[in-house]
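Chemist: Dropping a structure here in structure tokens format, bear with me for questions.
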Amino acid sequence: MIRFEHVTKRYADGTTAVDDLSFEVAEGELVTLVGPSGCGKTTTMKMVNRLIEPTSGRILVDGEDIAEADPVALRRRIGYVIQQVGLFPHKTVLENTSTVPHLLGWQRKKGRERAAELLDLVGLAPSVYGDRYPDQLSGGQRQRVGVARALAADPPVLLMDEPFGAVDPVVREHLQTEFLRLQSQVRKTVLFVTHDIEEAVRLGDRIAVYGSGRVEQFDTPATVLGAPATPYVADFVGADRGLKRLSVTPIEPGDLEQPPVVHLDDPLPKAAARLASEGARWAVVLDDAERLHGWIPADAADGPKGTVRDQARRMEAWLPVGAPLKQAFSTMLQHDAGWIAVLDDDRFLGVLTPARLHEALRRSIDADAGGIARGDVQLQTVADV
Ligand SMILES: Nc1ncnc2c1ncn2[C@@H]1O[C@H](COP(=O)(O)OP(=O)(O)OP(=O)(O)O)[C@@H](O)[C@H]1O
């Protein structure tokens, strides 16, 4: 846990870099600090490992006032990843990764084993990369080594200052995805500095949006995008905040439509009767274990003999419940599908249609800001006009 209590930093020349900052990062939480250049993000971060001392206020790490800690011992308890990575050029990847365990006096063998484990975890096979030197790696690989090195001594707290800032957008997205997967396993308390709102939204459990030296809003990505606290925040998150919000708004069971469901071994006449009674043009087809198989159009069910199995079509477009709406939209486009199935593990929950997706989009964009209830969302289709 990291707690800032009325922390102010004024530099010798009179610049107030951070002004009366108070917030808390819970254990295992990832908080992103986002804001324009010079707003005090790095100063905030460097005060946590005492590379910079606050002018006033207190910072607690795991309940301990860090002003009373020995700075060197403190830094070994806190992982630190920066944009320039700062790997030792004359040391191998494995040696770089085991630096902190080594400084902490771990046995060499244990330190190297741990380093190898972490390199694996960040996607760098130690047998391939362990003996390379930093200049034999790509930028993205160097960043991964930086992350592995920061985690090597298993610190409870991780500070990350624009760690993926120096790589191209594609590699950056990969690193973000990998880091999210890693964080879901290691659950560190993370303070992550970025000036990129997309990155802040994607990675943060909560986001602190900085104005000049102050936090203008501290909340979940969905709330910051859906209900910016001030005009400054609204401007910073951008006019397309609705679009950005799609990536942080999950599909909920309530978004789904329930088409008729038939099973592979149902006789066709039974399936046809089911479709007719609901006036549906198609039905979802499940197997005996209630797993999604595909679908069957009404005209194909309209035969005197056989079972649904003979006429069923496979359906590849599906998503797990909780996946972001952006992914739903993209899957629908990718498969050119009129609907996609939503599953909870293997269990079929319902389908997302363009109309329901549209409704969910409206909810995600407007609901918090305007207090619009889902039932109040009116959908218009071409047929209504
Ligand atoms: N050593 C220093 N002496 C005086 N002013 C400083 C010093 N270090 C930083 N500042 C000033 O403090 C303010 C905050 O700087 P800081 O580096 O924390 O910003 P930042 O949000 O991390 O910016 P960036 O995204 O550009 O890294 C800036 O106005 C900066 O010029």
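Chemist: Answer with one residue from ALA341, LEU319, VAL351: the one whose Cα lies farthest towards the positive end of the charge dipole of the chain, charges on Cβ with Lys, Arg +1 and Asp, Glu -1.
Modeler: LEU319
Chemist: Assuming 1.002 mPa s and 20 °C, estimate D for the chain with Stokes-Einstein, Rh taken as the Kirkwood radius over Cα pairs, in µm²/s. Walk me through the intermediate numbers first.
Modeler: Working: Rh = 24.0 Å.
Result for D is 89 µm²/s.
Chemist: Cα-Cα pairs above 15 Å in region 117-169: how many percent?
Modeler: 47 percent
Chemist: Give the peptides 197-207, 279-289 in descending order of average Cβ contacts within 10 Å, highest first.
Modeler: Put in order of decreasing packing, that is 197-207, 279-289.
Chemist: Sort 136-143, 186-193 for me by packing, meaning the mean count of neighbouring Cβ atoms within 10 Å per residue, highest on top.
Modeler: 186-193, 136-143
Chemist: Just going by the charge dipole of the chain, with Lys and Arg at +1 and Asp and Glu at -1 on Cβ, which of GLY238, ALA69, ALA298 is farthest out on the positive end?
Modeler: Among GLY238, ALA69, ALA298, the one farthest towards the positive end of the dipole of the chain is ALA69.
Chemist: How far is helix 268-278 tilted, in degrees, relative to the longest principal axis of the Cα atoms in the chain, given as a value from 0 to 90 rounded to the nearest 10?
Modeler: It works out to around 80 degrees.
Chemist: Within 14 Å, Cβ to Cβ, of THR189, how many net charges do the neighbouring residues add up to if Lys/Arg are +1 and Asp/Glu are -1? Spell out each step's value before the answer.
Modeler: Values: positive: ARG3, ARG77, ARG187, LYS188, ARG206; negative: GLU24, GLU27, GLU29, ASP62, GLU64, ASP154, ASP205.
Summing Lys and Arg as +1 and Asp and Glu as -1 gives -2.
Chemist: Related question: Calculated from DSSP H runs of 4 or more alone, at -39500 (n - 2.57) each and per residue, what is the 222 nm mean residue ellipticity of the chain, nearest 500?
Modeler: Computed mean residue ellipticity for the chain: -10500 deg cm²/dmol.
Chemist: Which value in nm describes the separation of the simple spin-label points at TYR232 and LYS91, placed 7 Å from the Cα toward the beta carbon?
Modeler: Each label point lies 7 Å from its Cα, and together they span 4.1 nm.
Chemist: Expressed as an acute angle from 0 to 90° and rounded to the nearest 10, what is the orientation of the C-alpha long axis of helix 139-151 relative to the principal long axis of the chain?
Modeler: Computed tilt is about 70 degrees.
Chemist: Scale the Cα Rg of region 215-365 by the rule-of-thumb value 2.2 N^0.38 Å and send over the ratio, two decimals.
Modeler: Taking N as the residue count of region 215-365, the ratio is 1.30.
Chemist: Mind listing which chymotrypsin sites (Phe, Trp or Tyr not before Pro) in region 1-31 are in a DSSP loop and have 12 or fewer other Cβ atoms within 10 Å?
Modeler: Answer in residue order: TYR11.
Chemist: Sticking with this structure for a sec: Between the helical axis of 354-370 and the dominant principal axis of the chain, each derived from Cα atoms, what acute angle in degrees is found, rounded to the nearest 10?
Modeler: Tilt relative to the chain: about 40 degrees.
Chemist: Continuing with the same structure: Any lysines with Cα under 22 Å of the LYS41 Cα? List them, leaving off those in the same chain fewer than 8 positions away.
Modeler: Once the sequence-local lysines are set aside, what remains near LYS41 is LYS9, LYS188.
Chemist: Further question on the same structure: Only four residue types carry charge here, +1 at the Cβ of Lys and Arg and -1 at the Cβ of Asp and Glu. Report the dipole size of the chain about the Cα centre in Debye, rounded to the nearest 20.
Modeler: 1100 debye
Taken together, the values in this text are just the output of simple stated rules run on the coordinates, not laboratory data. It should be emphasised that the depicted structure is a prediction, and the values quoted were computed from it without experimental measurement. As a convention, Cβ positions derive from the backbone with ideal geometry for all residues, glycine included, and neighbour counts pool all protein chains shown.
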